[in-house]
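The values are calculated or read from the model by the stated rules, or taken from the named source; none is laboratory data. Because the structure is predicted, anything quoted here is derived from the model rather than measured. As a convention, Cβ positions derive from the backbone with ideal geometry for all residues, glycine included, and neighbour counts pool all protein chains shown.
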Amino acid sequence: MLIYKKAKDFISYLHKNRSLSKSIGFVPTMGALHAGHTSLIKKAKLENDISICSIFINPSQFNQKTDFDKYPITTDKDIEILSNVNCDVLYLPSVEDIYPNGWESNSKIDIGNLATIWEGKFRPGHFDGVVQIVNLFLELIQPNKLYLGQKDFQQCAVIKKLIAIQQYPIEVDICETIREEDGLAMSSRNARLNSVDRQDALCLYKALFYIKNNFLLKSNEVLLEEAKTFFNGNSNIKLEYICIVDRETLDELPILKENAVALVVAWVGEVRLIDNILLY
Ligand code: AMP
């Protein structure tokens with residue numbers, strides 16, 4: 001696997017391969033890689049001439065400094081994992097290389113409502129940071145195909161909108177959420193759960209599957225009220241939101257509709273976890 005830390009060397013590699021008409025599949029990550037990430041990389045590898053993974057913990061998308069400071073860093077292990085799945089290229093830039101003049105200086109791309117509801121409301125500025133870094137990487141790498149995980153449902157919607165606004169000729173593949181055997185969605189943040197948290201964390205999956213299993217039987221309002229009970233009576237768990245929304249607009253759905261997805265976010269101990277499930 002080739003590893004590029006400096007944009008200059010990476011750009012000449014990209015130029016060379018673009019002139020040879022090689023197709024590129026790109027997987028952006030923040031590292032601390034797990035089977036969710038490798039599922040994306042394997043797909044990128046299978047469907048393109050070149051698979052590129054980036055690892056960059058983007059400071060501009062963290063609305064809480066403690067979350068940024070505590071984000072797990074496992075670079076040596078990540079390199080081993082990427083080599084084992086035969087990823088072709090790892091782009092591993094430093095914060096100084098990406099933002100030589102700081103991240104506040106870059107101009108913003110307005111994504112509209114998709115970036116300000118739900119996660120946008122609870123994590124102000126988060127999607128500005130996501131849009132900033134993803135746009136920078138897409139301009140640099142110009143992949144044919146971008147691989148994203150459904151686990152970060154709103155992030156997928158925001159990035160699809162970014163690509164539409166910028167008119168990039170990039171196909172987006174939203175890949176299924178990879179779960180632990182007991183249903184917990186894999187996440188780099190799971191490494192921060194202690195053994196009690198790890199058990200408590202199952203409430204997200206249980207609530208989502210309760211909604212999915214009863215979706216055709218009850219109203220959305222009743223379903224959400226009942227799903228909230230999975231988070232009650234345990235001081236280690238704090239539900240931030242659970243909702244049933246339209247997959248495209250992310251607007252709340254008061255009544256049963258085909259194009260629905262349930263989103264959930266909860267704090268378990270000191271870790272903020274996110275998950276979702278497609279209904280229908
Ligand atoms: P992250 O490193 O958390 O920024 O994630 C990088 C990419 O991996 C994003 O597109 C995520 O949605 C995706 N991803 C994270 N966890 C999972 C998972 N459990 N299953 C599938 N994709 C995932």
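The number of residues in segment 141-186 being within 8 Å of the ligand (Cβ to nearest atom) and touching a Phe, Trp or Tyr at 6+ places or on another chain (Cβ under 8 Å) comes to 5. The set of residues in segment 228-256 being surrounded by fewer than 18 Cβ atoms within 10 Å (Cβ to Cβ), more than 12 Å from residue 203 (Cβ to Cβ) and among the charged types (D, E, K, R) consists of 240, 246, 248, 251, 252. Taking the conditions exactly as written (part of a strand (DSSP E or B), within 16 Å of the ligand (Cβ to nearest atom) and at pLDDT 95 or above), does residue 51 satisfy them or not? It is true that residue 51 is part of a strand (DSSP E or B), within 16 Å of the ligand (Cβ to nearest atom) and at pLDDT 95 or above.
Once segment 257-270 is narrowed to residues that are modelled with pLDDT of 95 or more and surrounded by fewer than 19 Cβ atoms within 10 Å (Cβ to Cβ), the residue that is farthest from the chain's Cα centre (by Cα) is 269.
Just one of the listed residues (33, 90, 40) is touching a strand residue (DSSP E or B) at 6+ places or on another chain (Cβ under 7 Å), under 24 Å from residue 178 (Cα atoms) and not in a strand (DSSP E or B), and it is 40.
Every test in (1) in contact with a Gly (Cβ under 8 Å, 6 or more places away or on another chain); (2) closer than 24 Å to residue 115 by Cα; (3) part of a loop (DSSP other than H, G, I, E, B) is passed by residue 60 save one, and that test is (3).
Residues of segment 200-236 that are of a type outside the set (A, V, I, L, M), in contact with a Leu (Cβ under 9 Å, 6 or more places away or on another chain) and under 27 Å from residue 72 (Cβ atoms): 200, 203, 205, 230, 231.
Per the listing 273, 279, 217, the residue uniquely under 18 Å from the mean Cα position of the chain (by Cα) and of a type outside the set (Phe, Trp, Tyr) is 273. Looking only at residues in segment 187-224 that are surrounded by fewer than 19 Cβ atoms within 10 Å (Cβ to Cβ), within 16 Å of the ligand (Cβ to nearest atom) and aliphatic (A, V, I, L, M), the one that is farthest from residue 56 (Cα to Cα) is 202. If you go through segment 5-31 and keep only what is of a type in the set (Phe, Trp, Tyr) and under 13 Å from residue 48 (Cα atoms), you end up with just 26.
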